[in-house]
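Asker: Mind looking over this structure? Questions follow.
The values are calculated or read from the model by the stated rules, or taken from the named source; none is laboratory data. Since the structure is predicted, the reported quantities are computational estimates derived from the model, not experimental observations. Reconstructed Cβ throughout: ideal geometry from the backbone, glycine too, with neighbour counts over all protein chains shown.
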Amino acid sequence: MKTNKDHFSGHAADYAKFRPGYPEALFDWIAAQTPGHDLVWDCGCGNGQASLPLAERYRRVAATDFSAEQIAQAAPDPHIEYRVAAAESSGLPDHCADVVTIAQALHWFDFDRFYPEVRRVVKPGGLIVAWTYQLLRGGPTINALLDDFYRNTLGPHWPPERKWVDLAYQGMPFPFEEIAAPPFEIHLRWTLADLLAYLGTWSATRRCIKAEGRDPMPALSERLAPYWGEGAREIVWPIILKAGHV
């Protein structure tokens, strides 16, 4: 049985500052799939990156996360109740939520315990929507350097659950009646400093520093700098989404 593994509390402030947000079209699509808009359970909410846009579309958001440090970084909102709770034991009432959302977190959960909790909390016929974003893309040379950093420099330091992101959530246990969703992407314009700050929030980067006693970021910066150019450039994260009726 998997247990909760906390890969992000130690750098929760950096996570809140440097992690990308999600496109508004994604939240519009979620809201369009649910007849009711009373309560959404945002599970594994982290610092509330999905909770805030959900609060614009649902009357209430129950935002839960295992990490008190992550929740401490969340922006307050009168429509959001933040709570420290494991995904597998939310403390929410039975059949109270129109939808449960899981942003960039489902692969960390204990599926055998989480999915029964979803069935208990979500209204019959309600929705489960989980998404993750894959490795960012920034052009052929940038992609090649990032792929090498991801697979070779950091490869031994990724937690095993990361495999589900690499597999685009294919083959992941998901015992619900799946529904089709349109493609979504995150588009941002970032400087090289922005990119490096983001890569520094990766769990594998932190584990590499701890295990090897060195920071791999300066060497990556030197490799990227000649190709990144001055100022900002557009980068894209493909979003992988799984949705189904409960």
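Asker: For the range 188-218, which residues satisfy the criterion of being in a helix (DSSP H, G or I), in contact with a Ser or Thr (Cβ under 8 Å, 6 or more places away or on another chain) and farther than 20 Å from residue 165 by Cα?
Answerer: To start, the set of residues in the range 188-218 that are in a helix (DSSP H, G or I) comprises 192-199, 203-212, 217-218.
Those left that are additionally in contact with a Ser or Thr (Cβ under 8 Å, 6 or more places away or on another chain): 192, 196, 199, 208, 217.
Selection gives 192, 196, 217.
Asker: Something else now. Which one of the conditions (1) in a strand (DSSP E or B); (2) more than 18 Å from residue 132 (Cβ to Cβ); (3) among the β-branched types (Val, Ile, Thr); (4) in contact (Cβ under 8 Å) with a residue 24 or more places away in the chain does residue 71 fail to meet, given that it meets all the rest?
Answerer: (1)
Asker: Could we say that residue 118 is aliphatic (A, V, I, L, M), modelled with pLDDT of 95 or more, assigned to a helix (DSSP H, G or I) and more than 15 Å from the chain's Cα centre (by Cα) here?
Answerer: yes
Asker: Considering only the range 70-84, state which residues are of a type in the set (Gly, Ala, Ser) and crowded, with 19+ Cβ neighbours inside 10 Å. Break it down into steps so the answer makes sense when it comes.
Answerer: Of the residues in the range 70-84, the ones of a type in the set (Gly, Ala, Ser) are 72, 74-75.
Of everything in the range 70-84, just one residue is of a type in the set (Gly, Ala, Ser) and crowded, with 19+ Cβ neighbours inside 10 Å, namely 74.
Asker: Only one of (1) farther than 21 Å from residue 49 by Cα; (2) assigned to a helix (DSSP H, G or I); (3) of a type in the set (A, V, I, L, M) is not met by residue 165, so which one is it?
Answerer: The failed condition is (1).
Asker: May I pose another question? Return a yes/no flag: does the range 126-136 have any residue that is of a type in the set (A, V, I, L, M) and either surrounded by fewer than 22 Cβ atoms within 10 Å (Cβ to Cβ) or in a loop (DSSP other than H, G, I, E, B) (or both). Steps first, please.
Answerer: Going through the range 126-136, the residues of a type in the set (A, V, I, L, M) turn out to be 127-130, 135-136.
Still in the list and also either surrounded by fewer than 22 Cβ atoms within 10 Å (Cβ to Cβ) or in a loop (DSSP other than H, G, I, E, B) (or both): 135-136.
Yes, the range 126-136 has at least one match.
Asker: Can you confirm whether the range 141-156 contains a residue that is assigned to a helix (DSSP H, G or I) and closer than 28 Å to residue 244 by Cα?
Answerer: Here is the first cut: in the range 141-156, the ones assigned to a helix (DSSP H, G or I) are 141-153, 155-156.
If we keep only those that are closer than 28 Å to residue 244 by Cα too, we end up with none.
No, every residue in the range 141-156 fails to be assigned to a helix (DSSP H, G or I) and closer than 28 Å to residue 244 by Cα.
Asker: Follow-up question, since we're still on this one. Quick check: anything in the range 53-66 assigned to a helix (DSSP H, G or I), modelled with pLDDT of 95 or more and in contact with a His (Cβ under 6 Å, 6 or more places away or on another chain)?
Answerer: Narrowing the range 53-66 to residues assigned to a helix (DSSP H, G or I): 53-55.
Next, from what is left, pick out any that are modelled with pLDDT of 95 or more: 53-55.
Remaining after also requiring in contact with a His (Cβ under 6 Å, 6 or more places away or on another chain): 55.
Looking for residues that are assigned to a helix (DSSP H, G or I), modelled with pLDDT of 95 or more and in contact with a His (Cβ under 6 Å, 6 or more places away or on another chain), one finds at least one in the range 53-66, hence yes.
Asker: Filter the range 1-42 down to the residues that are among the small types (Gly, Ala, Ser) and either at pLDDT 95 or above or more than 16 Å from the chain's Cα centre (by Cα) (or both) and list them by number. Spell out the reasoning first.
Answerer: Residues of the range 1-42 that are among the small types (Gly, Ala, Ser), as a first pass: 9-10, 12-13, 16, 21, 25, 31-32, 36.
Within the range 1-42, 10, 25, 31, 32, 36 qualify.
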